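The values are calculated or read from the model by the stated rules, or taken from the named source; none is laboratory data. Since we're looking at a predicted model, the values are computed, not measured. Heads up, the Cβs are rebuilt from the backbone with ideal geometry, glycines too, and the neighbour counts pull from every protein chain shown.
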There are 2 protein chains.
Amino acid sequence: MSITVAADPSLSPVEFQTHPSRYRHWRLAFDGEVARLTMAVDAEGGLRPGYELKLNSYDLGVDIELADAVQRIRFEHPEVRCVVIDGALDKVFCAGANIQMLRSSGHGWKVNFCKYTNETRLYLEDMSEVSDIKTLAACNGATAGGGYELALACDEILLVDDSNSSVSLPEVPLLAVLPGTGGLTRVVDKRMVRRDRADVFSTLVEGIKGKKAIEWDLVDDIAPLSQFEAKRDEMAQALIATTPDKGDCVGVELTEVPMKRCEKGVRGDFVILKETGGRGASLTLTLPSELGPQIGDEAHAAACSWWFFQAMREFDLALLELRINKPEINLVNLRVIGNPQVALDLDAMLAAHQDHWFVHEVLHFAKRVFKRLDMTAKSFFALVDGGTAFAGTFLEIALAADRIYVLDDAETDVQLGVSMLNGGAYPMGNGLTRLETRFLGEPEKAGEVLAHSGLFDAASADELGLATEAMDEIDWEDEIRVLQEERASYSPDALTGMEANLRYAGPETMETKIFGRLTAWQNWIFQRPNAVGDSGALQCYGTPVRPEFDYNRT
Amino acid sequence: MSITVAADPSLSPVEFQTHPSRYRHWRLAFDGEVARLTMAVDAEGGLRPGYELKLNSYDLGVDIELADAVQRIRFEHPEVRCVVIDGALDKVFCAGANIQMLRSSGHGWKVNFCKYTNETRLYLEDMSEVSDIKTLAACNGATAGGGYELALACDEILLVDDSNSSVSLPEVPLLAVLPGTGGLTRVVDKRMVRRDRADVFSTLVEGIKGKKAIEWDLVDDIAPLSQFEAKRDEMAQALIATTPDKGDCVGVELTEVPMKRCEKGVRGDFVILKETGGRGASLTLTLPSELGPQIGDEAHAAACSWWFFQAMREFDLALLELRINKPEINLVNLRVIGNPQVALDLDAMLAAHQDHWFVHEVLHFAKRVFKRLDMTAKSFFALVDGGTAFAGTFLEIALAADRIYVLDDAETDVQLGVSMLNGGAYPMGNGLTRLETRFLGEPEKAGEVLAHSGLFDAASADELGLATEAMDEIDWEDEIRVLQEERASYSPDALTGMEANLRYAGPETMETKIFGRLTAWQNWIFQRPNAVGDSGALQCYGTPVRPEFDYNRT
């Protein structure tokens, strides 16, 4: 049905590291407490051939730069208290995801593109919530589809008041797909627009502008072009006034993560991702032998070389590699290697110095990496055997896995550990800790695990309910291999759907609704002939051919 | 890809009314406070040709009887305090949804089949929650897939302890689809099985039996065949002990609803569903001119002839007709016609006598009908013009609509009304009232509407935030027509996805998770070649052909 230029395996793998000096699509500037992030998409700068990024429309490459900018603002410019996002074009703020790109992309690429952009939008909200860096979308022109979804992820939206510029979600009427980057969810769940108005708005190609956009809670304010800059600055200052003073934080430069592509995967100083055959891969994080920085200031001085930060950045890149560049991998073995006492010492240090802004930022970065692990559509088995160090912060990696296999054998010393950070430092998207989610039906067991602070052996881990199965040495290798072959033989689609349902027991939040309800419906629509068939709307848009729909309602 | 026997339009439309005397698949027996519902599926009794319902597997026809039985227990046998669900076969309780049926069904049929069965499972839980009729799944044999999902919807599960009988969800490994009738959700969210165990269980073809099934919280108890009946009765009595004594309620017979198929739709005494051309239909409920029964006992004496009960039963049938027999209808105009004071008088009577068991049951029946409206994948416009009576209970129909158009014209008397029942009698699946959901961002407005008790005119409705748009007579007909033509021109898939996201602002519950997250993923999988393609698992199951999967993970 759809050609698959975007995911063509003959093209070079996607790189996720970038730097403002290499940005093709954004300009990032700083003026004291205000950062200005200006979308200036290079139409010729698409990540893949075959489409032009006209009218500030975006592809994955544009969003990789945006995600980079958001990280840099937090780490390199802790003095910032408000980010103003605007566009460099006349009359257009952002036209949303590029249609030609979507049209030429295979299903998996579309899905992973949307997932990544959804994460970036959530990172903007996370920055506002935990780092007091507020965001203002200064929409200086037409704000359509994904453009409006980007604005929705900001704390406030200012729209230029002229005869043309509207906010709009034209996906349903124009393209027969959903505003799937959080749009529908944020309209009713974040801005809490009345559902009938949301319904009208989401079917209105021309969108809504001016006073009506305010009245319907679609934007926070409007200003004619002549007063736009003044209003923008005023709103930014008002947002700043809601945040605490930052004191004298000095940023750290985000240097390139030393992660290299190698024959069967990627390799950093601490993290190795390696294909192991049979649709499997291993993802291994190795702890250093010593704690390193003992206080916040030492960690700050170490900056990107602080091993914990570097290891988390490497882990994040490995997850992206798995998702985007390794679709053929179905099952991933997770291992954390090293001395588990180093992990617990790290947690003691993190807990003691979590108020240091840099430690705080790194902790929240780790939180986002673990959430990315939760959201990665691969099967994960944590293998807890000799030499592993699933303790404290790194126990989260096991808790995020679909299964935890523990070697319980008299001949092998296997240690796990828990710290107070497992009690709240790394909440999942559903707002619960991974221990709370695991023991939803027996909350006292989460407490028992937390009370068991320090290191414990395999048998204790099993008693505490942390082992899916504990096996002895005789069974270990063979059983794991059989289990993996079995897992890797199942339909990857059924597994993806199953995991998306089992990983998120308990409450749903706006965040999980975006990935659960909205994304699942969008993925469905991305399969439907009315959208992606030869006569579907996504295929016909911008051509003289009118789409032909099968009008049977499902 | 899939042949579409089950939805073949040349076959006669599905009938939703039945009676125990006509059941082909269930036996319903009463013994004092215990009802026994025995699944005894007639393999030759499929609703559509082309498949055999072997091993107590089910299709829509089997579930229509189950839904009927659940209603009859509540209305005809209010003395019942526990329903025991078991199977009539040796060694098999229930094998789940029939695979040959799924294989031969078109996409829309599969989706609507699953939706209906999901509603039936929720009706079991509703019966337990609000009518104190508990349910015990007495699984006297293998309990697989949809069979276990049926058991999961019961309060407790007893499994026979023999060498063969297990509970299992083999959909993922065998069929490459999900246990989509609430299975995955209920395992982790209702029974709160640990997520890694749920993961293992949901990929284990052979399932789990005996003590391990108890240890993993998959069943509540087990008993060898020789003690099965004694244990079953003991558990039923223990469930009864948790419920209050019912007093001397006398049931009412659920007589056939006088709803007939006519040229362009269906017609009852109070409800008419009629195709209006252009993929549209009108669904109109007409109130009687007088209140009728004034107290609970009079309503009870009127039984199925009580106009409110009959009107709701007709409305329910019209919704099912729309979903299953009218896939080509995309947009439905909703109207309630009559004297709005009759509606408010009804609500005063309902409020005053809601403790009367029959009134209580009818109120909760209406609640379920309105939820079915929320869950119906058609676009609904409520048209509030001269002669309409969207008041109190019947205002819920407007509040469930995607849009509410109100005629505000000096020449026409238009009245709406609100009652205390709009404040909590009819919660949505998300646990909120429709007013609370509508005014999620401005909760005080829900209060303002409720405070405005009694009748009010179109202008007031608009001021109160109840009108999507108020129009005068000059615009009314033309504008509505244009809006409808526009709506009916959009992709029905995109609209279904959009409505599924906009209708449920606010919290998610287990119920909305089943329809939002689980169902949306299942619908996605029902489109994927790995499940439904010529070499997909659903197509190959039971044949000598092994499925061939595209192993790229999405």
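If you take the residues of the range A:503-515 that are assigned to a helix (DSSP H, G or I) and more than 7 Å from every other protein chain (Cβ to nearest Cβ), which of them is surrounded by the most Cβ atoms within 10 Å (Cβ to Cβ)?
Going through the qualifying residues, I end up with A:514.
Identify, please: which residue in the range B:1-19 is in contact with a Ser or Thr (Cβ under 8 Å, 6 or more places away or on another chain) and of a type outside the set (A, V, I, L, M) and is, among those, modelled with the highest pLDDT?
So in the range B:1-19, the residues in contact with a Ser or Thr (Cβ under 8 Å, 6 or more places away or on another chain) come out as B:2-7.
The next check asks that each one be of a type outside the set (A, V, I, L, M); those that pass are B:2, B:4.
On the way: B:2: 38, B:4: 47.
For the range B:1-19, the residue satisfying everything is B:4.
Could you check, for the range B:538-552, whether at least one of its residues is modelled with pLDDT of 95 or more, part of a helix (DSSP H, G or I) and either closer than 30 Å to residue A:215 by Cα or facing chain A (nearest Cβ under 8 Å) (or both)?
No, the range B:538-552 has no match at all.
Would you point out the residue of the range B:377-397, among those that are assigned to a loop (DSSP other than H, G, I, E, B) and surrounded by fewer than 24 Cβ atoms within 10 Å (Cβ to Cβ), that is nearest to the other protein chains (Cβ to nearest Cβ)? Walk me through how you get there before you give the answer.
Restricting attention to the range B:377-397, the residues satisfying the condition of being assigned to a loop (DSSP other than H, G, I, E, B) are B:377-378, B:385-387.
Within this subset, residues satisfying the condition of being surrounded by fewer than 24 Cβ atoms within 10 Å (Cβ to Cβ) are B:377, B:385-387.
Numbers: B:377: 6, B:385: 17, B:386: 21, B:387: 22 Å.
Per the stated criteria, the residue is B:377.
Can you give me the number of residues within the range B:195-211 that are more than 10 Å from residue A:502 (Cβ to Cβ) and buried (at least 24 other Cβ atoms within 10 Å of the Cβ)?
Qualifying residue count, the range B:195-211: 0.
Just checking, how many residues over the range B:516-535 are more than 8 Å from chain A (Cβ to nearest Cβ) and closer than 22 Å to residue A:511 by Cβ?
1
For the range B:404-424, check the following and say yes or no: at least one residue is within 13 Å of chain A (Cβ to nearest Cβ), out of contact with any helix residue (DSSP H, G or I) (no Cβ under 6 Å at 6 or more places or on another chain) and free of Cβ contacts under 8 Å to residues at least 24 places away in the same chain.
Within the range B:404-424 (the criterion being within 13 Å of chain A (Cβ to nearest Cβ), out of contact with any helix residue (DSSP H, G or I) (no Cβ under 6 Å at 6 or more places or on another chain) and free of Cβ contacts under 8 Å to residues at least 24 places away in the same chain), the answer is no, since none of the residues qualifies.
Considering only residues that are of a type in the set (Val, Ile, Thr) and in contact with a Cys (Cβ under 7 Å, 6 or more places away or on another chain), look in the range B:226-258 and name the one that is farthest from residue B:35 (Cα to Cα). Lay out the reasoning, then the answer.
Filtering the range B:226-258 for residues of a type in the set (Val, Ile, Thr) gives B:240, B:242-243, B:250, B:252, B:255, B:257.
Still in the running and in contact with a Cys (Cβ under 7 Å, 6 or more places away or on another chain): B:240, B:252, B:255.
Working: B:240: 12, B:252: 16, B:255: 20 Å.
Among them, the one singled out is B:255.
Considering every residue within the range B:472-486, establish whether at least one is on the phi > 0 side of the Ramachandran plot, more than 10 Å from chain A (Cβ to nearest Cβ) and without any contact (Cβ under 8 Å) to a residue 60 or more places away in the chain.
no
Please work out if residue B:553 is out of contact with any strand residue (DSSP E or B) (no Cβ under 6 Å at 6 or more places or on another chain), outside the structural domain of residue B:183 (by TED's automatic domain parsing) and buried (at least 22 other Cβ atoms within 10 Å of the Cβ). Break it down stepwise before answering.
Details: out of contact with any strand residue (DSSP E or B) (no Cβ under 6 Å at 6 or more places or on another chain): yes; outside the structural domain of residue B:183 (by TED's automatic domain parsing): yes; buried (at least 22 other Cβ atoms within 10 Å of the Cβ): yes.
In short, yes.
When the residues of the range B:398-440 are narrowed to those that are under 17 Å from residue B:351 (Cβ atoms) and over 24 Å from the mean Cα position of the chain (by Cα), which ends up surrounded by the fewest Cβ atoms within 10 Å (Cβ to Cβ)?
B:420
Consider only pairs whose beta carbons are under 6 Å apart and that are at least six residues apart or on different chains; among these, list those whose first residue lies in the range A:102-131 and is among the β-branched types (Val, Ile, Thr) and whose second residue is part of a helix (DSSP H, G or I).
Cβ pairs passing all conditions: A:111/A:523; A:117/A:63; A:120/A:63; A:120/A:66; A:120/A:67; A:130/A:364.
Being under 17 Å from residue A:371 (Cα atoms), assigned by TED's automatic domain parsing to the domain that holds residue A:393 and either in contact with a Lys or Arg (Cβ under 8 Å, 6 or more places away or on another chain) or of a type in the set (D, E, K, R) (or both) narrows it down to one residue among A:334, A:322; which is it?
Testing whether each residue is under 17 Å from residue A:371 (Cα atoms), assigned by TED's automatic domain parsing to the domain that holds residue A:393 and either in contact with a Lys or Arg (Cβ under 8 Å, 6 or more places away or on another chain) or of a type in the set (D, E, K, R) (or both) leaves just A:322.
If we only count helices (runs of 4 or more DSSP H) wholly inside the range A:140-223, which ones have 1 or more residues that are more than 10 Å from every other protein chain (Cβ to nearest Cβ)?
A:146-152, A:210-215
Within 22 Å of residue B:238 (Cβ to Cβ), in contact with a helix residue (DSSP H, G or I) (Cβ under 9 Å, 6 or more places away or on another chain) and surrounded by 14 or more Cβ atoms within 10 Å (Cβ to Cβ): which single residue out of B:60, B:37 fits that description? Break it down stepwise before answering.
Numbers: B:60 fails: within 22 Å of residue B:238 (Cβ to Cβ).
Matching residue, one of B:60, B:37: B:37.
From (1) touching a Lys or Arg at 6+ places or on another chain (Cβ under 9 Å); (2) away from chain A (no Cβ under 14 Å), pick out the condition that doesn't hold for residue B:89.
Every listed condition holds for residue B:89 apart from (1).
Taking the range B:453-472 only, how many residues are more than 19 Å from residue B:348 (Cα to Cα) and in a strand (DSSP E or B)?
Summing the residues that are more than 19 Å from residue B:348 (Cα to Cα) and in a strand (DSSP E or B) in the range B:453-472 gives 4.
As an exercise: evaluate residue A:500 against (1) more than 8 Å from chain B (Cβ to nearest Cβ); (2) in contact with a Phe, Trp or Tyr (Cβ under 6 Å, 6 or more places away or on another chain) and give the number of the one condition it does not meet.
(1)
Can you tell which of A:552, A:501 is farther than 29 Å from residue A:282 by Cβ, in contact with a helix residue (DSSP H, G or I) (Cβ under 7 Å, 6 or more places away or on another chain) and free of Cβ contacts under 8 Å to residues at least 60 places away in the same chain?
Going through A:552, A:501 in turn, just one is farther than 29 Å from residue A:282 by Cβ, in contact with a helix residue (DSSP H, G or I) (Cβ under 7 Å, 6 or more places away or on another chain) and free of Cβ contacts under 8 Å to residues at least 60 places away in the same chain: A:552.
Would you point out which residue out of B:450, B:495, B:440 is in contact with a strand residue (DSSP E or B) (Cβ under 9 Å, 6 or more places away or on another chain), within 9 Å of chain A (Cβ to nearest Cβ) and either closer than 30 Å to residue B:513 by Cα or assigned to a loop (DSSP other than H, G, I, E, B) (or both)?
Values: B:450 fails: within 9 Å of chain A (Cβ to nearest Cβ); B:440 fails: in contact with a strand residue (DSSP E or B) (Cβ under 9 Å, 6 or more places away or on another chain).
Only one candidate passes the filter, namely B:495.
So residue B:252 clears everything in (1) surrounded by 14 or more Cβ atoms within 10 Å (Cβ to Cβ); (2) at pLDDT 95 or above; (3) under 30 Å from residue A:400 (Cβ atoms) except one condition, right? Which one?
(3)
Quick check on the range A:82-114: of everything there that is among the basic types (Lys, Arg) and over 14 Å from residue A:178 (Cα atoms), which residue is nearest to the chain's Cα centre (by Cα)? Let's see the steps before the verdict.
Within the range A:82-114, the subset among the basic types (Lys, Arg) is A:91, A:103, A:110.
Those left that are additionally over 14 Å from residue A:178 (Cα atoms): A:91, A:103.
On the way: A:91: 30, A:103: 23 Å.
Here the residue is A:103.
Only one of these conditions is not met by residue A:29: (1) touching a Lys or Arg at 6+ places or on another chain (Cβ under 6 Å); (2) touching a residue at least 60 places away in the same chain (Cβ under 8 Å). Which number is it?
Checking residue A:29 against (1) touching a Lys or Arg at 6+ places or on another chain (Cβ under 6 Å); (2) touching a residue at least 60 places away in the same chain (Cβ under 8 Å), the one that fails is (2).
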